[in-house]
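Working notes, beginning with the structure itself.
The values are calculated or read from the model by the stated rules, or taken from the named source; none is laboratory data. Nothing here was measured: the structure is a model prediction, and the numbers come from that model. Every residue, glycine as well, gets a Cβ built from its backbone with ideal geometry; the counts of neighbours run over all protein chains shown. Accessible surface is based on the protein model in full, side chains and every heavy atom, while ligands, DNA and RNA are left aside. Shrake-Rupley method; radii C 1.70, N 1.55, O 1.52, S 1.80 Å.
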Amino acid sequence: MKFQFVIDEKYSRKNIKSIIGHPEPDSVGGIWATGYSSFENNYFIFANIETAGRTGHDYPNLMVEDRLFWFSNGASIHTPMLKSMMSGENEVYIFTREDSKDVNFVFRGIGYVKYYEDTKPAHIVWGFINDLSNVPEEFDTDQRIKFIEGAKVISISTRYERDEKARKASLDYYGYNCLVCGMNFESFYGEIGKSFIHVHHLQEISTIGKEYEIDPIEDLKPVCPNCHAMLHKRKPAYSIDELKQMLLS
């Protein structure tokens with residue numbers, strides 16, 4: 001690790017710029033006010049977890065155990081900066097916070113790419129290490145470069161859906177109508193909307209932090225994307241009944 005940040009310690013952007021020897025440590029404008037920046041071929045990610053950033057952007061970043069499910073600020077994995085970040089040749093320092101009003105971020109460690117989705121914005125799952133020499137063999141630099149060049153793509157279909165069988169069992173029971181507003185995508189859009197719906201976890205995954213057994217009937221409920229987003233406008237999330245009452249009022 002080139003810069004000696006302490007894992008789980010808090011740092012402001014100004015603290016970070018001072019530690020790395022940036023010539024303008026007291027300025028946090030420009031790229032240093034965004035979700036990621038660079039300095040001397042090193043990268044710094046500032047991820048808001050389940051909260052909108054100060055610029056109003058609200059990406060569904062999530063910490064689950066020792067992984068960060070992270071969305072770039074509109075860029076794809078094919079942009080030069082993200083390709084360089086993902087290559088494994090440069091250190092990526094990852095900082096997170098759960099309250100965008102807090103100027104401090106928690107240092108999580110050096111990031112390495114575990115998985116990614118070729119979407120826009122890019123969706124990358126970062127693992128954490130102390131230095132680049134500790135990257136697990138199955139995620140070594142050459143392999144990850146091949147992923148980026150398109151020789152092989154590792155993709156996860158859902159950020160933290162652990163068991164597709166549980167999702168299917170829930171939908172077999174409830175169907176594909178949103179349990180808040182009643183929206184049915186097939187009825188509205190026709191064939192392209194068939195079998196489309198989000199599945200909402202009544203117990204938020206980020207509050208568990210470990211694997212647990214899901215009851216697909218009691219724990220998972222189908223909701224449309226709009227209602228799903230509104231359920232998570234509060235921490236802890238609103239209940240389905242609470243949101244239904246808001247629609248009726």
Original post:
If you take the residues of segment 6-18 that are of a type in the set (A, V, I, L, M) and in a loop (DSSP other than H, G, I, E, B), which of them is surrounded by the fewest Cβ atoms within 10 Å (Cβ to Cβ)?
Top reply: Val6
**OP:** Could you tell me which numbered condition Lys168 fails, if it satisfies all but one of (1) open to solvent by 40 Å² or more (accessible area, probe 1.4 Å); (2) at pLDDT 85 or above; (3) out of contact with any strand residue (DSSP E or B) (no Cβ under 8 Å at 6 or more places or on another chain); (4) farther than 25 Å from Leu62 by Cβ?
**Re:** (4)
Original post:
Of all the residues that make up segment 83-119, how many are basic (Lys, Arg) and loosely packed, with under 14 Cβ neighbours inside 10 Å?
Top reply: 1
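Farther than 25 Å from Trp70 by Cβ, open to solvent by less than 90 Å² (accessible area, probe 1.4 Å) and either at pLDDT below 90 or not charged (D, E, K, R) (or both): is that true of Pro225 in this structure?
Spelling it out, it is not the case that Pro225 is farther than 25 Å from Trp70 by Cβ, open to solvent by less than 90 Å² (accessible area, probe 1.4 Å) and either at pLDDT below 90 or not charged (D, E, K, R) (or both).
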Subject >> Failed item, numbered, when Pro80 is tested on (1) surrounded by fewer than 13 Cβ atoms within 10 Å (Cβ to Cβ); (2) in contact with a strand residue (DSSP E or B) (Cβ under 8 Å, 6 or more places away or on another chain) >> reply: (2)
**OP:** Within segment 93-108, track down each residue that is of a type outside the set (Val, Ile, Thr) and over 18 Å from Glu65 (Cα atoms).
**Re:** Asp99, Ser100, Lys101, Asp102, Asn104
Original post:
In segment 25-53, how many are part of a helix (DSSP H, G or I) and open to solvent by 30 Å² or more (accessible area, probe 1.4 Å)?
Top reply: 3
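Name the single residue, out of those in segment 190-217 being of a type in the set (Asp, Glu) and within 27 Å of Asp66 (Cα to Cα), that is modelled with the highest pLDDT. First the steps, then the outcome.
Let us first name the residues in segment 190-217 that are of a type in the set (Asp, Glu), namely 191, 204, 211, 213, 215.
Of the ones still in play, those that are also within 27 Å of Asp66 (Cα to Cα) are 204, 211, 213, 215.
On the way: Glu204: 62, Glu211: 45, Glu213: 58, Asp215: 78.
Filtering segment 190-217 for residues that are of a type in the set (Asp, Glu) and within 27 Å of Asp66 (Cα to Cα), the one modelled with the highest pLDDT comes out as Asp215.
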Subject >> So Gly21, is it modelled with pLDDT under 90 and open to solvent by 20 Å² or more (accessible area, probe 1.4 Å) >> reply: no
Original post:
If Phe3 satisfies every condition in (1) assigned to a loop (DSSP other than H, G, I, E, B); (2) modelled with pLDDT of 90 or more; (3) open to solvent by less than 50 Å² (accessible area, probe 1.4 Å); (4) within 27 Å of His232 (Cα to Cα) but one, which is the exception?
Top reply: (4)
**OP:** Residues that are farther than 21 Å from Ile20 by Cα and at pLDDT below 90: find the strands (runs of 3 or more DSSP E) completely inside segment 73-143 holding 1 or more of those.
**Re:** 104-117, 123-129
